[in-house]
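In what follows, a structure is listed as structure tokens, so that the remarks can point back to it.
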């Protein structure tokens, strides 16, 4: 698997992000969907990675800088064809190593509370993320779970 910083220009990446957003809307009310749109993912405070296997897009993920010590994990998504094949584990390992190398102390994230998000809950908890209070500009929401990991 090749993981690289991506400029979000390819049709494959755009399609995967569209699928991600549509899936979030399928499982969460619109006011509880916090997926970043394409222009937000291109912001200077966001680093976006893609994972490729034999030239095919396998997944993506991003970090959004909140301040000098705190960053947020965003847009973690595995392409349908590559589900349950270790893509998310390798991508998250890479992203967390990068966060640590950049001297971030905390990585936080928001995910849904519905059953569709159980695989994500398991992934993050296996990496040592723990439930926390809402961070940054988030508010308490029964459809959102907030997790943090200290590096």
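The values are calculated or read from the model by the stated rules, or taken from the named source; none is laboratory data. Please read these numbers as outputs of a predicted model, since none were measured by experiment. Neighbour counts are summed over all protein chains in view; Cβ atoms, including those assigned to glycine, are modelled from backbone coordinates with ideal geometry.
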Checked pairs for region 34-50, first farther than 22 Å from residue 87 by Cα, second at pLDDT 95 or above and part of a loop (DSSP other than H, G, I, E, B), C-beta under 7 Å and 6 or more apart or across chains, list as 42/8
Residue 108 passes all but one of the listed conditions (1) without any contact (Cβ under 8 Å) to a residue 60 or more places away in the chain; (2) crowded, with 17+ Cβ neighbours inside 10 Å; (3) under 14 Å from residue 4 (Cα atoms); (4) out of contact with any helix residue (DSSP H, G or I) (no Cβ under 7 Å at 6 or more places or on another chain); the exception is number (3)
Expected single match for within 12 Å of the chain's Cα centre (by Cα) and modelled with pLDDT of 95 or more among 69, 78, 98 is 78
TODO: Looking only at region 16-39, decide whether some residue is surrounded by 17 or more Cβ atoms within 10 Å (Cβ to Cβ), under 27 Å from residue 133 (Cβ atoms), in contact with a helix residue (DSSP H, G or I) (Cβ under 8 Å, 6 or more places away or on another chain) and at pLDDT 95 or above.
DONE: no
>> Kindly evaluate residue 100 against the criterion of being in contact (Cβ under 8 Å) with a residue 24 or more places away in the chain and under 16 Å from residue 66 (Cα atoms).
In response: yes
When you scan region 48-58, do you find a residue that is surrounded by 17 or more Cβ atoms within 10 Å (Cβ to Cβ) and more than 24 Å from residue 102 (Cα to Cα), even just one? yes
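Among the candidates 134, 119, which residue alone is in contact with a strand residue (DSSP E or B) (Cβ under 8 Å, 6 or more places away or on another chain), surrounded by fewer than 17 Cβ atoms within 10 Å (Cβ to Cβ) and either in contact (Cβ under 8 Å) with a residue 12 or more places away in the chain or under 22 Å from residue 57 (Cα atoms) (or both)?
Numbers: 119 fails: in contact with a strand residue (DSSP E or B) (Cβ under 8 Å, 6 or more places away or on another chain).
Exactly one residue qualifies, and that residue is 134.
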